[in-house]
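What follows is one structure encoded as structure tokens, with my remarks underneath.
The values are calculated or read from the model by the stated rules, or taken from the named source; none is laboratory data. Only a predicted model underlies this, so the values are computations on that prediction, with no experimental measurement involved. So basically every Cβ, Gly included, is an ideal-geometry build from the backbone, and we count neighbours across all protein chains shown. All accessible areas refer to the heavy atoms of the entire protein, side chains included, with ligands and DNA or RNA removed. Shrake-Rupley method; radii C 1.70, N 1.55, O 1.52, S 1.80 Å.
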Amino acid sequence: MRLRLGKRRAAEEGLEVTEARGVRTLHIGSQAIQSAMRLSRPWDLELAYTRAMMGFLMFNPVPQAVLMVGLGGGSLAKFIRKQRPQTHITAVEIDPRVIAAARAHFELPPDDAALEVIEGDGALYVRQHPASADVILLDGFDAGNQVEALATQTFYAACRRALKPGGVLVVNLWGRDRDYAEYFARLTRAFDGEVGWISVQNKTNVILFAFDEEGAPARLAAAQPRLADLSKRWGIDLRAFARDFQWAGEASRGA
């Protein structure tokens with residue numbers, strides 16, 4: 001692992017941890033930031049796209065089981081564990097170096113009753129665990145590119161089967177990826193059009209929400225009265241996400 005603190009470096013191939021102005025970042029095979037942690041607030045969500053991924057709270061504010069495919073520095077796992085210890089989080093990460101970095105440099109705690117980190121193939125895990133998650137958080141990148149095995153039609157269909165009734169799949173995509181439109185189309189097909197999205201930082205990231213059942217727009221409308229309290233409880237502006245939320249028909253015209 002390469003660790004760079006200010007101007008100091010220590011070498012290893014492919015994975016780099018850097019630190020500047022009180023923020024520690026993780027890079028895997030490129031300069032793209034895979035994860036970030038403010039040293040003074042290690043449990044908070046430093047990156048805008050991770051906060052947007054928590055938009056699933058608008059549809060399910062009390063998830064019992066969250067599955068993460070792709071760990072990064074463990075920001076989402078730490079945040080959910082801190083805010084709602086009743087939720088069980090399973091994080092599947094194929095690269096042992098990433099798990100080691102999350103534990104050594106990003107304050108990811110050891111496994112306990114609330115958190116289980118598994119070294120393994122996320123695509124295989126999803127196929128083998130039907131009806132197991134209320135929420136799936138999918139953030140699968142390698143060297144700055146979407147992992148193709150985590151963006152196939154077959155995989156998105158497996159994600160739908162891995163959700164419990166009423167579940168939601170949350171996917172982080174690069175909005176400027178040349179294959180973005182195809183990934184979006186695959187997801188929409190797998191979930192029969194029950195897909196919405198939030199654009200982050202002028203489409204640098206697009207967070208897609210795919211729903212196992214019909215009626216997600218009505219669920220969002222019904223959640224409006226409690227979004228102020230939820231926003232305060234979690235420290236995330238869910239009201240802004242609700243205002244910015246778009247549905248699949250609008251997204252396909254703008255993609």
Going through (1) closer than 20 Å to Phe209 by Cα; (2) β-branched (Val, Ile, Thr); (3) in a loop (DSSP other than H, G, I, E, B) one by one, Ile33 fails only at (1)
Contact list, first residue from region 79-96 and open to solvent by 60 Å² or more (accessible area, probe 1.4 Å), second anywhere and assigned to a helix (DSSP H, G or I), beta-carbon distance below 7 Å, six or more apart or interchain, is Ile94/Gly122
Exactly one of Arg243, Arg178, Arg239 is surrounded by fewer than 13 Cβ atoms within 10 Å (Cβ to Cβ) and assigned to a helix (DSSP H, G or I), and that one is Arg243
Inset, instruction - Could you check, for region 115-129, whether at least one of its residues is open to solvent by 60 Å² or more (accessible area, probe 1.4 Å), on the phi < 0 side of the Ramachandran plot, in a helix (DSSP H, G or I) and among the acidic types (Asp, Glu)? - result: no
The condition of being out of contact with any Cys (no Cβ under 6 Å at 6 or more places or on another chain), more than 30 Å from Ile28 (Cβ to Cβ) and assigned to a helix (DSSP H, G or I) holds, among Ala185, Ala221, Ala158, only for Ala221
Note on Met68: of the conditions (1) open to solvent by 10 Å² or more (accessible area, probe 1.4 Å); (2) of a type outside the set (Phe, Trp, Tyr); (3) within 18 Å of Leu208 (Cα to Cα), unmet is (1)
Checked region 25-45 for anything open to solvent by less than 50 Å² (accessible area, probe 1.4 Å) and touching a strand residue (DSSP E or B) at 6+ places or on another chain (Cβ under 7 Å); matches are Thr25, Leu26, His27, Ile28, Gln34, Ser35, Ala36, Met37
Item to complete: Report yes if some residue within region 48-64 is of a type outside the set (Lys, Arg), outside any helix (DSSP H, G or I), open to solvent by less than 10 Å² (accessible area, probe 1.4 Å) and closer than 25 Å to Pro217 by Cβ; otherwise report no.
Response: yes
Within region 181-223, restricting to residues that are open to solvent by 30 Å² or more (accessible area, probe 1.4 Å) and touching a Lys or Arg at 6+ places or on another chain (Cβ under 8 Å), the one that is nearest to Ala158 (Cα to Cα) is Asp212
